[in-house]
Amino acid sequence: MENKLEQLFQVDNEEWLTTLPTYQQKMIKQLVDSTNSYEEAAKQWLNAMPENTFPFGAEQPRNIFIEKVRDEIEKFLSGDEKYADEHKQLLSSSEVLQKTLVSSVSAAIAPVIGKAAAYIMPVVVLVFMTMTKMADQPMVMAGQSSNTVLLSEADSADDMRWDQAFSRSPDALAKLAAAAMAEYHAGKTQELDPEKL
């Protein structure tokens, strides 16, 4: 039965977008193209409607909200007892499609999140796109959390941004390195003592 879910993640990422209504497909595609990160696209989606994140706190509502959505998706996919009925019903159908999974997960976690399924569907799709990108099957089924997957993707995106920044400024980096070496040779530096940090 779990094999049905695994097969859903052995597709091209773009197939997940087709599970959304057309207007959301276009918006999410633009966000993904502009950020080059599913995590950032999800955050921007949530930024577009800040009033929808207030129940999760005023300081960092989007981060808390997206973490809650990821946690609930993980619980659903791993068969957590909270979603046992919905999970069983999904797997008992003769054919499980990406659209069925997105709809089922969104509808099941919406009351827990306290938001409409239509509002969180794009975030669910972006999480699934990340899972598809990172492996041939959902990471939660392999024992890793969806948060771990998204953090890994965020790290990759950060690494790419740093690489781009460094490649645009090799002269500045060379100057900084030369200045650091000059300070070292002039005796203006100290050995780092981790105990004093």
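The values are calculated or read from the model by the stated rules, or taken from the named source; none is laboratory data. These numbers come from a predicted model, not from an experiment. Here the Cβ positions follow ideal geometry from the backbone for every residue, glycine too, while neighbour counts run over all protein chains shown. Remember, those area values only see protein heavy atoms, side chains included, never the ligands or the DNA or RNA. Shrake-Rupley method; radii C 1.70, N 1.55, O 1.52, S 1.80 Å.
Quick notes
- Considering residues of segment 71-98 that are open to solvent by 10 Å² or more (accessible area, probe 1.4 Å) and within 19 Å of the chain's Cα centre (by Cα) only, the residue farthest from residue 8 (Cα to Cα): 71
- Figure legend. Inter-residue proximity from segment 7-23: first residues over 16 Å from residue 123 (Cβ atoms), second residues part of a helix (DSSP H, G or I) and of a type in the set (Lys, Arg), beta-carbon distance below 8 Å, spacing 6+ or different chains. Indicated pairs: 18/99.
- Considering the conditions (1) over 15 Å from the mean Cα position of the chain (by Cα); (2) open to solvent by less than 50 Å² (accessible area, probe 1.4 Å); (3) modelled with pLDDT under 90, residue 60 is excluded by exactly one of them, (2).
- Residue match in segment 20-39 (condition: modelled with pLDDT of 90 or more, in a loop (DSSP other than H, G, I, E, B) and open to solvent by less than 60 Å² (accessible area, probe 1.4 Å)): yes
- Test result for residue 45, under 12 Å from residue 133 (Cβ atoms), open to solvent by less than 70 Å² (accessible area, probe 1.4 Å) and in a helix (DSSP H, G or I): no
For (1) among the aliphatic types (A, V, I, L, M); (2) modelled with pLDDT of 85 or more, each residue gets a yes or a no:
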| residue | (1), (2) |
| --- | --- |
| 100 | no, yes |
| 116 | yes, yes |
| 138 | no, no |
| 167 | no, no |
| 184 | no, no |
| 189 | no, no |
